[in-house]
Amino acid sequence: MIFGLLVFTQYFGQNKVQYKDFDFHVLGTEHFDIYFYEGCDDLAAFASVVLEDGYTMLSEELAIAVDFKIPVVLYNSPNDFSQTNITMELIEESTGGFSEILKNRMVVPFTGDYEDFRHVLVHELTHIFQFTIFFPSRLEAIFSGDILYSVPLWVFEGHCEYMSNGWDLDADIFMRDLVVNNKLIPIYALEGYGGWVIYKEGQAFFNYVAEKYGRKKVSEFVHLMKAKRNLEQAFLAAFGIPPDEFNKQWLRYYQIKYWPKVGRLEYFDNFARIVYDHKKRGSLYNVSTALSPDGDKIAFISDRSGTAEMVVISSIDGRLIKRLLRSAYSSGYEGLHLYQGGLSWSRDGEYIAFAAKSRGEDVLYVVRAADGRVHKRLALGLSGIYSPQFSPDGRKVVFTGLQDSYSDIYICDLERGTAERITDDIFSDGYPVMLSDDLIAFVSDRPDPNGDYYYGRHAVFLYHHGDFIRLTPRTGYVASPMFAPDTSLYFVADYDSAYDLYYYSRQEGRITKQTGVFTGIYYPSISADGSKIAFSYYDDYGYDICIVKDPMTRMVDHVSRPDTADIAQRDYYTSEPLDAEDVRNYRPKFTVDYFTAAAEYYSAWGFSGIGQIAISDILGNHHIQFASNFYGNLVNSDIFMNYWYLRKRTDFGAAAFQYLNYFSEGYDLLVWRYMGMGGVMQYPFDRFFRFEFGLYAYRLFETRWLDFFPFYVSNRSVTASYNFFYPEAAFVFDNVKWGPIGPHDGRRFRIGGYATLLSDWELRSAIVDYRRYFGLSPRTSFASRLVLAGSFGPDLDYWSIGGPYSLRGYDYYALTGSKLGFLNLELRFPFIDRLSIAFPLPLEIRNLRAGIFADLGAVYTDSLKLWETEGGFHLEDLKLGVGAGLRFSFMYLIFRIDFARAHNLKGWYEYYRTADDYRRSEWKFYLTLSPDW
């Protein structure tokens, strides 16, 4: 009766909520169709220039042309981007954009900085050119076998990073850290890795190729990857040496480049002290550092628990004082801006200000530093809030606000709950800090008076009585200015070969380099008296929290910077309005999302196979899917067709279906074939909680195979048919965080029920499914699941349990009844990370996980009522089963092997009368192609 789970949607899963009603338009250029909505006009105009320039550059470099207009979908902010229907996957803050191989779409959000926006646009455009090279035709690729050839991801991503950024300081810092810590992954092994390392090592590969062999060799290698269809053959053809030999030369190149700078590591140890080591604490990101006014405590955002959390530690010994809150478990804290955040203490040390994503927008929070309780929650109607900082009197907070593709400075009055916009222009403004309403320091790429606009060239500016005064030379990276007690400024910049801390003296008008670090300083924060500075420091593939005492005496390097800047001409931009003749309204146009097919022949069944195809429009607002499991003939096959309308917050679906299900009843096998249609509505309250309602009408064709069990054969059958019409409703909650192949932490539940109307059977049923996961460590978890189902009324629904998905140690359909429940408990842990076997056959096993489980199941058969008016209390209709065992899961292949042994209790009252009724079954073996529940 639960067709909504089969033909419409997933059983659990978090929600992608459309908080906004996007009205898209299309800007046509020579090579692109750019999709944008209200408030995105400036972005569309900017993107059209960058994309056409990028197209010219890539077509010349790669010597190819794209023979279709490339769809580019723009979003004003990451929060708007997270609502897109183009992908059904949830989009986290770390996703800066994506492109697709089948539709060749690019989807890119604006994060507040035009240089970052340019980088992502060209990065994703490079993917489109790669798809054109490697997969010029989807059908041709499939039938020729090209689609089965997997290009190493590091080649794709590294090439995109190099074509969009060349060689930049971010990549240089990343590589020097890997090299000096002996963490560099060999080129020939990089295919087995994911994450940011493949982007940057891939970029470093193409940079080395360009430096040693010339830039033309970069494109030549990409084409050779297509021609040779093999990494080693491509290396031999391009460089004349195999990958392992190339790796030695590549490594030596970067060792020679970085080892002379290794003395800076000793310099760091002499002036700063690590109080929170990411390696010892099991974390990677420890950012948004905020030092308390008295200098005794440090608040920051960490990913130690696997999701962003705000913690407070001692600045003396790094002791954890308080975990204030965790993100991504409730709608109030869906995200904490792990990648562009910011925290601030009030001057009295009582409160901490920060921004968090909540229900489609950013919210400004002020919480008590002692316990994390919310003092103020201000929804200001902005798409993004970054880097909030308290005013000296604690009554206001200055921050960067992102709205309608503008990144501007705002001041929020905490008592009134209102925000005043200080800047209002196309320029990128960020990292504000204030002494008063009329004295604010911030970072911007705004031009000088009467000057041209070169986006991405930042400096520290002072807003003073309505005027903007540039204090520092322009460069590519400037961040985190902070006032010293004498109103001078510290800030971070890339004037040299790292992200160092600089000091601007307002009295002397002079800039002094304060540090000479090996990698970079991030999010510096100063105590009220200026005696301490805390910051995040990148080292050994992670961010540590560090503290410096008496900074003016311990960090001085006395290197002044001249007021000059190297301005790249590609960064010059003049904003012009869109030509109305080039803009048209959006109209849905459907293309294929994916399709799969497989077929086989059995002598008993004849031909069988599976197939699935999905189509949608460019924006993903309309989805149509068709799927079939074909078994010999149409009558014995599963067939589904559905349509989803996803444009609004409430999602609507309609479906037609035929579906077969199998049950056991005594010694008989029941085959139920459902044929009908249905409609469903889903309303998400927030990311984690939703309501579902469906209406279904179908005809059930029943075939009862008599005496089918225990020999699994029968020549006698009885048929019947019934009509059904019923509504179904469910509440679904899911805040689970996922591990390698299954849920790792959090909880999920589903409470639903249905009742027939105007039907041949009168059914009333309810189902409760509750699951709880405890993350014991980053790789170990304890999972529990409780399922209760019951059918009530004159007619009854029946369910069966048994097998690897419910009660392990039992055969499928082992226990059947109208009321059931089962409990699963399982400890999951890593078993084998990597095991190589040389004899008798070379074999390598990676990422094998194991679990120890115990299952308990109970079914009430309803041959008699549980409570009889005559005859008393009958427990013989209650059947119990217990299973326990060991199971293994392969991370990348996603299949499980379960070994289970069952313990059957045929009847409680008999069990307690004699021990002979306690029977042990044989060990069972299951092989299932599914992830962990």
Review point. Taking the Cα-to-Cβ direction at ALA766 and at ILE751 and moving 7 Å from each Cα, how far apart do the two end points lie in nm?
Key: 0.8 nm
**Study point:** Semi-axes of the equivalent ellipsoid for segment 634-713, Cα gyration tensor, largest first, Å
**Key:** 35, 15, 9
Point to revise | Portion, in percent, of the accessible area of the chain that falls on carbon or sulfur, probe 1.4 Å | key: 55 percent
Study note, to complete from the structure: Here D for segment 6-98, in µm²/s, from Stokes-Einstein with a Kirkwood Rh over Cα pairs at 10 °C and 1.306 mPa s, works out to 103 µm²/s
Check your understanding: List the aspartates and glutamates whose alpha-carbon lies under 15 Å from that of LYS549, not counting same-chain residues fewer than 8 positions away?
Key -> ASP269, ASP294, ASP296, ASP317, ASP529
**Study point:** Residue-averaged 222 nm ellipticity for the chain, from DSSP H runs of 4+ at -39500 (n - 2.57), nearest 500
**Key:** -5000 deg cm²/dmol
Revision key, fill the gap. Length-normalised contact order of segment 344-472, Cα under 8 Å, at least 6 apart, in percent, tallies to 15 percent
Check your understanding: Cβ under 9 Å from SER407's Cβ, SER407 left aside: what net charge do those residues give with Lys, Arg +1 and Asp, Glu -1?
Key -> -3
Check your understanding: Taking Cα atoms of segment 416-561, Rg/Rh with Kirkwood Rh, to two decimals?
Key -> 0.97
Review point. Quick one: which of 288-298, 214-224 comes out on top by average Cβ neighbours within 10 Å, and what's the full order, highest first?
Key: 288-298, 214-224
Check your understanding: How high is the relative contact order of the chain, in percent, counting Cα pairs under 8 Å that sit 6 or more residues apart?
Key -> 8 percent
**Study point:** Cut-off 15 Å (backbone N to label point 7 Å along Cα→Cβ of VAL374), residues of segment 307-331
**Key:** 325-331
Practice item. Determine, at each q value in 0.16 (inverse angstroms), the log₁₀ of I(q)/I(0) that the Debye formula gives when each Cα of segment 600-668 is one equal point scatterer. Key: -0.71
Practice item. Would you mind checking the radius of gyration and Dmax of segment 644-795 based on alpha-carbon positions, in Å? Key: 19.5, 55
Revision key, fill the gap. Over 26 Å (Cα to Cα) among LYS69/LYS648; LYS261/LYS513; LYS200/LYS226 -> LYS69/LYS648
**Study point:** Ratio Rg/Rh [Cα only; Rh per Kirkwood] for segment 789-854
**Key:** 1.28
Check your understanding: In the structure displayed, which of LYS297/LYS376; LYS280/LYS396; LYS216/LYS248 lie more than 27 Å apart, Cα to Cα?
Key -> LYS280/LYS396
Study note, to complete from the structure: In degrees, nearest 10, the alpha-carbon axis of helix 216-228 is tilted away from the dominant principal axis of the alpha carbons of the chain by 10 degrees
Practice item. Report the label-to-label distance for ASN181 and PHE626 in nanometres (one decimal), using points 7 Å from each Cα along the Cα→Cβ vector. Key: 5.3 nm
Exercise for review: Run the quick spin-label model on PHE693 and GLU415: label points 7 Å from Cα toward the beta carbon, then report their separation in nm to one decimal.
Suggested key: 4.6 nm
Review point. In what sequence, highest mean first, do 829-841, 728-740 appear when ranked by Cβ atoms within 10 angstrom?
Key: 728-740, 829-841
Study note, to complete from the structure: Ordered by number, the trypsin sites (Lys or Arg not before Pro) in segment 617-693 that occupy a DSSP loop and have at most 14 other Cβ atoms within 10 Å are LYS648
**Study point:** Local electrostatic count, PHE733, Cβ distance below 13 Å [Lys/Arg +1, Asp/Glu -1]
**Key:** +3
Review point. Hey, if you put +1 on the Cβ of every Lys and Arg and -1 on every Asp and Glu Cβ in the chain, which of LEU880, VAL398, SER283 ends up farthest toward the positive end of that dipole?
Key: LEU880
Point to revise | Highest to lowest packing among 59-70, 272-283, scored as the average C-beta count within 10 Å | key: 272-283, 59-70
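Once you have the alpha carbon radius of gyration of segment 738-786, what is it after dividing by 2.2 N^0.38 Å, with N set to its residue count? Walk me through the numbers before you get to the answer.
Values: Rg = 17.0 Å, N = 49, 2.2 N^0.38 = 9.7 Å.
In units of the globular-protein estimate, segment 738-786 measures up at 1.76.
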Practice item. Let me have the relative contact order for segment 207-293, percent, based on Cα pairs under 8 Å that are six or more residues apart. Key: 14 percent
Practice item. Could you tell me how many degrees, from 0 to 90 and to the nearest 10, lie between the Cα long axis of helix 243-258 and the main elongation axis, the longest principal axis, of the Cα atoms of the chain? Key: 40 degrees
Practice item. Give the Cα extents of the chain along the principal axes, in whole Å, largest first. Key: 99, 65, 62
Practice item. Take the alpha-carbon positions of segment 660-706, form their convex hull, and give its projected area averaged over all directions (one quarter of the hull surface) in nm². Key: 4.8 nm²
Check your understanding: Based on the Cβ-Cβ distance of ILE852 and TYR11, what FRET efficiency does E = 1/(1 + (r/R0)^6) give at R0 = 25 Å, to the nearest 0.05?
Key -> 0.50
Study note, to complete from the structure: Rounded to the nearest 10 Å², the 1.4 Å probe accessible area of LYS376 is 50 Å²
**Study point:** SER777/SER531 FRET efficiency (R0 41 Å; Cβ-Cβ; nearest 0.05)
**Key:** 0.60
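Leaving out ligands and nucleic acids, note down the accessible area per residue over segment 590-727 with a 1.4 angstrom probe, in whole Å².
Accessible area per residue, segment 590-727: 52 Å².
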Revision key, fill the gap. Helix 114-134: inclination vs the chain longest Cα principal axis, degrees, rounded to 10, gives 50 degrees
Exercise for review: Could you calculate the FRET efficiency of ARG587 with ASN636 from 1/(1 + (r/R0)^6), where r is the beta carbon distance between them and R0 is 56 Å, rounded to 0.05?
Suggested key: 0.85
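The values are calculated or read from the model by the stated rules, or taken from the named source; none is laboratory data. This one's a predicted model, so the numbers in the text were calculated from it and none came from an experiment. When we count neighbours, we look across all protein chains shown, and the Cβ atoms used for this are built from the backbone with ideal geometry, even at glycine. Accessible surface areas use protein heavy atoms only, side chains included; no ligands, DNA or RNA. Shrake-Rupley method; radii C 1.70, N 1.55, O 1.52, S 1.80 Å.
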